[in-house]
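Asks: First, the structure itself, so that you have it in front of you.
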Amino acid sequence: MTAQTSTTPERSAPVPEDLEQISATLGGDSQSRTEQIVLGIFIVVPFLALAAAVPMAWGGWLGWTDVAIFAVMYAVTGHGITVGFHRLFTHKSYKPNRAVKIFFAVAGSMAIQGPVVRWVADHRKHHKFSDRDGDPHSPWRYGTSIRALTKGFLYAHMMWLFNPEQTPQRKYAPDLMKDDDVVRISRQFPLWVAVSLVAPAIAGGLLTWSWQGALTAFFWASLVRVSLLHHVTWSINSICHTIGERPFVSRDKSANVWWLAIPSMGESWHNLHHADPTCARHGVLKGQVDTSAFVIRTLERLGWVYDVRWPVKERIAAKLVVNSRPELDEAA
């Protein structure tokens, strides 16, 4: 693949005035210097905590209460991204009742990866231009040499977040901008960031009835949890578009990375996702753990979600590389 060339900014079709106003309240299409500084703080500080995690644990600053709060917060906010931001709001893999919709919009916001409308707009643009010019975070954007790929890998992992030119939300997420619940939660993003950081400390303090319990819970279940979830999510953009197995036919370099499956809650079965983006289950082959699909299945059995787009055996088989017909793929 050759290095990408710059393109002129995308032109959006005229939109109703109300969407223009909503877009402005959700951050608009550009990122200010202040927003970049705040973003940097929320990346660097949790990462420093993650780097200090091992010596802190060795020094006795890790108890079972911290582990339990960490596990609950990681599962709730992580599935908020995978089941909510990704499979529900971005790809419409299922239809939820209002309570489920609101829950996952809030839970995903507490992962501190950006407001829901912004997140969805970025990801939809990624799928439209996956690993091509226009992809917000392709590791192949600078070329295929070792130096170019190293630079592209770092950009895809996290540096793309600092791009001043943001994805037009009114172009890529107009449906969400018409949903009052989603818009309200997107505007409330700073509130959910605060809840995400403070709630573990409150829980730790109440469970241990001590200031030390509150402090260690904040360290592990707030700072370390946020950083770990950040890097696992970003690894889908970088690692899963660079290395791994590609059993399914797709138009990009998306791949499956098995050792990320559990921490990413099934998102690292990324090759199938790009071959069939609206499928509610990403780990469709034998032995592929996908806890996000399990959550959706459970909600379906409870009657809280419906019209789930589960994998169809014949469709999946047809997308396997071993069953594909090259002449048809080229003509498609």
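The values are calculated or read from the model by the stated rules, or taken from the named source; none is laboratory data. Values in this document were obtained by computation on a predicted structure and should not be read as measured data. Glycine gets a Cβ as well: all are built from the backbone with ideal geometry, and neighbour counts include every protein chain shown.
Asks: Which of the residues belonging to segment 80-93 are in contact (Cβ under 8 Å) with a residue 24 or more places away in the chain and crowded, with 22+ Cβ neighbours inside 10 Å?
Replies: Answer for segment 80-93, where residues must be in contact (Cβ under 8 Å) with a residue 24 or more places away in the chain and crowded, with 22+ Cβ neighbours inside 10 Å: Gly80, Ile81, Thr82, Val83, Gly84, Phe85, His86, Arg87, Phe89, Thr90, Ser93.
Asks: Here is a follow-up. So the check is Cβ under 8 Å with 6+ separation or different chains; which pairs have a first residue in segment 167-186 that's over 16 Å from Ser109 (Cβ atoms) and a second one that's polar (S, T, N, Q) and surrounded by fewer than 19 Cβ atoms within 10 Å (Cβ to Cβ)?
Replies: Final answer for the pair search is Pro168/Ser12; Arg170/Ser12; Lys171/Ser12.
Asks: Quick check, is Glu300 surrounded by fewer than 20 Cβ atoms within 10 Å (Cβ to Cβ), at pLDDT 95 or above and closer than 22 Å to Gly84 by Cα?
Replies: Yes; evaluated as a whole, the condition is true for this residue.
Asks: Confirm whether Asn237 is of a type outside the set (A, V, I, L, M, F, W, C), touching an Asp or Glu at 6+ places or on another chain (Cβ under 8 Å) and in contact (Cβ under 8 Å) with a residue 24 or more places away in the chain.
Replies: Here the answer is no, as Asn237 does not meet what is asked.
Asks: Moving on to the next point. Checking Ile202 against (1) surrounded by fewer than 22 Cβ atoms within 10 Å (Cβ to Cβ); (2) at pLDDT 95 or above; (3) closer than 26 Å to Lys151 by Cβ, which test does it fail?
Replies: (3)
Asks: Output the residue which, of all residues in segment 240-269 that are of a type in the set (Phe, Trp, Tyr) and part of a strand (DSSP E or B), is surrounded by the fewest Cβ atoms within 10 Å (Cβ to Cβ).
Replies: Phe248
Asks: If you take the residues in segment 141-158 that are touching a helix residue (DSSP H, G or I) at 6+ places or on another chain (Cβ under 6 Å) and among the hydrophobic types (A, V, I, L, M, F, W, C), which one is surrounded by the fewest Cβ atoms within 10 Å (Cβ to Cβ)?
Replies: This residue is Met158.
Asks: To continue, here is another question. Would you call Leu223 at pLDDT below 95, buried (at least 18 other Cβ atoms within 10 Å of the Cβ) and closer than 22 Å to Ser109 by Cβ?
Replies: It is true that Leu223 is at pLDDT below 95, buried (at least 18 other Cβ atoms within 10 Å of the Cβ) and closer than 22 Å to Ser109 by Cβ.
Asks: Within segment 257-282, count every residue that is in contact (Cβ under 8 Å) with a residue 24 or more places away in the chain and closer than 21 Å to Glu314 by Cα.
Replies: Residues meeting the conditions: 11.
Asks: Additional query: Among the listed residues Lys313, Lys286, which satisfies the condition of being modelled with pLDDT under 95, surrounded by fewer than 15 Cβ atoms within 10 Å (Cβ to Cβ), under 28 Å from Leu229 (Cα atoms) and of a type outside the set (A, V, I, L, M, F, W, C)?
Replies: Of Lys313, Lys286, the one residue that is modelled with pLDDT under 95, surrounded by fewer than 15 Cβ atoms within 10 Å (Cβ to Cβ), under 28 Å from Leu229 (Cα atoms) and of a type outside the set (A, V, I, L, M, F, W, C) is Lys286.
Asks: What number of residues within segment 287-310 satisfy the criterion of being touching a His at 6+ places or on another chain (Cβ under 6 Å), of a type in the set (D, E, K, R) and farther than 16 Å from His270 by Cβ?
Replies: The qualifying residues number 0.
Asks: Every residue in segment 283-307 that is in a loop (DSSP other than H, G, I, E, B), touching a Lys or Arg at 6+ places or on another chain (Cβ under 8 Å) and touching a residue at least 40 places away in the same chain (Cβ under 8 Å), please.
Replies: Asp307
Asks: Right, something else. Given (1) surrounded by fewer than 20 Cβ atoms within 10 Å (Cβ to Cβ); (2) touching a helix residue (DSSP H, G or I) at 6+ places or on another chain (Cβ under 8 Å), identify the lone condition not met by Gln212.
Replies: (2)
Asks: Given the structure, is Ala317 over 20 Å from Phe85 (Cα atoms), of a type in the set (Gly, Ala, Ser) and without any contact (Cβ under 8 Å) to a residue 60 or more places away in the chain?
Replies: yes
Asks: Now for a separate question. Mind listing whichever residues of segment 97-131 are crowded, with 22+ Cβ neighbours inside 10 Å and in contact with a strand residue (DSSP E or B) (Cβ under 7 Å, 6 or more places away or on another chain)?
Replies: The answer is none; no residue qualifies.
Asks: Of a type in the set (S, T, N, Q) and under 17 Å from the mean Cα position of the chain (by Cα): is that true of Ser196 in this structure?
Replies: yes
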